[in-house]
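J.: Can you keep this structure in mind? I'll have questions shortly.
The values are calculated or read from the model by the stated rules, or taken from the named source; none is laboratory data. Since the model is a prediction, treat every value here as computed from it, not as a measurement. Positions of Cβ are generated from backbone atoms using ideal geometry, with glycine treated the same way; all protein chains shown enter the neighbour counts. Note: areas computed on protein heavy atoms with side chains; ligands, DNA, RNA excluded. Shrake-Rupley method; radii C 1.70, N 1.55, O 1.52, S 1.80 Å.
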Amino acid sequence: MSDNNRRNENWATETAAVHAGEYIDPATRASSPNLVMSVTFAPETVTGFSARDEQGYEGFVYGRVSSPTVKQLEDKLAVLEGGESALCFASGVAAAHAVICGRLGKGDHLIVPDANYVGIAELARDTLPRFGIDVSYVDLSRPEEVAAAIRPSTKMLWLETPANPTMKLCDIEGFARLAHERGVRDVAVDSTYATPIATQPLKLGADFVVHSLTKYICGHGDAMGGAVIGRKADLSALNLEATVHFGGIMSPFNAWLILRGAATLPIRMKAHEEAALKVARFLEGHPEVTKVFYPGLPSHPQHELAKRQMKNFSGMMTFQTRTPGPDIAARMVKQLEIIHYAVSLGHHRSLVYWIGTGDIQSSTFRHDPEQLRRYRDYAGDGVFRLSVGIENGDDLIADLARVL
Ligand code: PLP
């Protein structure tokens, strides 16, 4: 394990994606990461029975505390995000739950966006209040709303940029400054859509970055996972509580698959962006399409922020059509030949899904009427969420042209 933490601050992202965290296995000289499925390890010295007693012990003891293949992925993610440390979880939602419930308790106040990924929105709306955590919902495109929502008990500001499904961006640096100046301890950013190739939130002042690894970082739609990246001391505390007590850890097999995916993240993100730009321009010029939200298009309301904050515009976009969305969706299910009509995103394969405003408002974003009105103004009756894969952009355009 001597060079288990192998990292080199001077490596370019492409090199770090391949090499960071990985090492030649000392026993077998295997060049690719070993898949270690063992759940228990024979320590070299006598250790305590509680994970608390293992603090300071460098080796592995039990798979819920840490294990070698998962650790390689954690070390790679920490380097890619420019963070000190990372922890992996069974899914993106498990990672979000870990950071929120590992940091907050009864009487604490959390600020979340009024529209963000449904699983986390529902966790905030339905579950957290049962544990005494107060939640406020704000429109992140209105910084004055965030400023007004901060209270003495506010412990965390949760950001998601670009947001699922609205494609709204938020200014991480500005919000981190505002929150910290006003005494908010934690700024956490769900950066699943952006990936570290586009944006490194820790370098912009955030305290935690959260990813659904199920999406771009795995990239192949065959393994679920999540991660939290941040300061070493914070992550050690989170390890003791979130992995050891909540238990939503990542399987080594998933870590092994995601390690393989992460190695090609930089080149995949270039391909996603190239195809997405072509598709977004095509959609924007199509008579059936009324609106396209893609951060790489000058028509995106926050294109200037996107240029400043994103080194890659990623492959995610939404669009709206003249014909009612459910009718086009029905055609998509039957007629698309390349793009799959399916949920999820960030895979090498393109995916599209209709997200109806009625569904979202009744299931997820049940906030005040003014917020619902604003969501409807923005999203109309709904949006198609399109995750452009790494296929050839012209082939994707031909596929979409057939159903539009
Ligand atoms: N965050 C974002 C932005 C997402 O889009 C998703 C899933 O779609 C998640 C978090 C949750 O990830 P998972 O499905 O891996 O739990």
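J.: With springs only between Cα atoms under 10 Å apart, run a GNM on the chain and tell me which of 323, 192, 45 wobbles the most.
T.: 45
J.: Ignoring everything but the protein chains, give the 1.4 Å probe accessible area of residue 50 in square angstrom, nearest 10.
T.: 50
J.: Any idea what angle helix 92-103 forms with the longest principal axis of the chain, computed on alpha-carbon atoms, 0 to 90 degrees, nearest 10?
T.: That works out to roughly 60 degrees.
J.: At 1.4 Å probe size, what's the solvent-accessible area of residue 135? Round to the nearest 10 Å².
T.: Answer for residue 135: close to 30 Å² accessible.
J.: A further question on this structure: Tabulate in residue order the Karplus-calculated ³J(HN,Hα) for the range 261-270, using 6.51 cos²θ - 1.76 cosθ + 1.60 with θ = phi - 60°, rounded to whole Hz; enter x for Gly and Pro.
T.: Residue by residue, the range 261-270 yields x, 4, 4, 9, 3, x, 6, 5, 4, 4 Hz.
J.: Please report, for the Cα atoms of the chain, the Rg to one decimal and the Dmax as a whole number; what are they, in angstrom?
T.: Answer for the chain, Rg first and Dmax second: 21.2, 71 Å.
J.: With +1 on each Lys and Arg Cβ and -1 on each Asp and Glu Cβ, how big is the dipole of the chain about its Cα centre, in debye rounded to the nearest 20? Mind showing how you got there, number by number?
T.: Numbers: 41 positive and 47 negative charges, 58 e Å.
In total the dipole reaches around 280 debye.
J.: In the chain, with Lys and Arg counted as +1 and Asp and Glu as -1 at Cβ, which of these residues, 332, 143, 212, has the Cα nearest the positive end of the dipole, that is, farthest along it?
T.: Looking along the dipole axis, the top candidate is 332.
J.: Positive end of the dipole of the chain, charges at C-beta (+1 Lys, Arg; -1 Asp, Glu), about the Cα centre: which of 383, 121, 27 has its Cα farthest in that direction?
T.: 383
J.: Next question. Need the full-extension length gain, residue 349 to residue 281, defined as separation in residues times 0.36 nm minus the C-alpha distance. One decimal, nm.
T.: Working: separation 68, 0.36 × 68 = 24.48 nm, distance 1.95 nm.
Length gained, residue 349 through residue 281: 22.5 nm.
J.: Here is a follow-up. Compute log10 of I(q)/I(0) for the range 1-154 with the Debye formula, placing one identical point scatterer on every Cα and leaving out solvent, at q = 0.12 Å⁻¹, to two decimals.
T.: -0.74
J.: Here's a follow-up. Per 0.36 nm of contour for each residue apart, how much would the distance between residue 25 and residue 401 grow if the chain were fully extended, relative to their Cα-Cα spacing? Walk me through the numbers on the way to the answer.
T.: Numbers: separation 376, 0.36 × 376 = 135.36 nm, distance 4.97 nm.
Separation in residues times 0.36 nm, less the Cα-Cα distance, equals 130.4 nm.
J.: Let me ask you something else. What dipole magnitude, in Debye to the nearest 20, does the range 266-403 give about its Cα centre under +1 on Lys/Arg Cβ and -1 on Asp/Glu Cβ? Write down the numbers at each step before the final one.
T.: Values: 18 positive and 16 negative charges, 53 e Å.
Computed about the Cα centre, the dipole is about 260 debye.
J.: Between residue 359 and residue 57, how high is the FRET efficiency from 1/(1 + (r/R0)^6) when r is the Cβ-Cβ distance and R₀ = 41 Å? Nearest 0.05. Mind showing how you got there, number by number?
T.: Numbers: r = 49 Å, r/R0 = 1.19.
Once rounded, the FRET efficiency stands at 0.25.
J.: At 7 Å along Cα-to-Cβ for each site, give me the label-to-label distance between residue 64 and residue 11 in nm.
T.: 3.2
J.: Under the rule of -39500 (n - 2.57) per DSSP H run of 4 or more residues, summed and divided by the residues of the chain, what mean residue ellipticity at 222 nm is obtained, to the nearest 500 deg cm²/dmol? Please report the intermediate quantities before stating the final value.
T.: Values: 15 runs with 145 residues, N = 404.
Rounded to the nearest 500, the figure is -10500 deg cm²/dmol.
J.: At 7 Å along the Cα-to-beta-carbon direction for both residue 245 and residue 288, put a label point, then send me their distance in nm to one decimal.
T.: A separation of 5.3 nm, rounded to one decimal place.
J.: Going 7 Å from the Cα of residue 391 toward and past its Cβ, which residues in the range 263-278 have a backbone nitrogen under 20 Å from where you end up?
T.: 268-278
J.: What stretch of the chain, leaving out the sites themselves, is the longest with no trypsin sites (Lys or Arg not before Pro) in a DSSP loop having at most 13 other Cβ atoms within 10 Å? Don't jump to the answer; show the numbers that get you there.
T.: Working: sites that count: 29, 106, 322.
Longest gap between qualifying sites, sites excluded: 107-321.
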